[in-house]
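The structure's right below; bear with me while I get my questions together.
Values in this text are rule-based calculations from the coordinates and carry no lab data. These figures come from a predicted structure and were not determined experimentally. Neighbour counts run over all protein chains shown; Cβ positions are idealised from the backbone, glycine included.
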Amino acid sequence: MTTKNGVTRMEMYLNDSVKTFEFVLRGELKGDAMRSLEYAWITATSILDGKEVLVDVTGLTAADATGIELLHRMRGSGACLRAAPRPNSEGFLRSLGVVVAAPPREGSRSWRLSLRQLFGLAA
């Protein structure tokens, strides 16, 4: 990831397969990065033809309110958010107001988390 003026630029990778379309996000989901993801999501949804949409947020290091709101809208439209356990992720999750109740289970390859679980949003 590159930085500009001390801000980590978000990288977005798109993986298209027969049954799924996946967004892989790394860095900070803020400002222009949020708008880039939103445009990519709108474009992708117009051509998905029933594919499952996955959003891998493992690599996110920060998100502003508009970034969190976009992930909420994506989740509300049927996208599945997922995150693999990462060392030192507790601080980031706590900065978003998430109560970290237990460490990741050993041996789990990835978690499929709803937006509410990941970002601590109310039901």
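Can you tell me how much longer the chain between GLU11 and HIS72 gets when fully stretched, taken as 0.36 nm per residue apart minus their C-alpha distance, in nm with one decimal?
Gain on stretching GLU11 to HIS72: 20.0 nm.
Among 66-79, 14-27, how do they line up by average Cβ neighbours within 10 Å per residue, starting with the highest? Could you put the intermediate results ahead of the total?
Working: 66-79: 16.7, 14-27: 14.6.
Packing proxy ranking, top to bottom: 66-79, 14-27.
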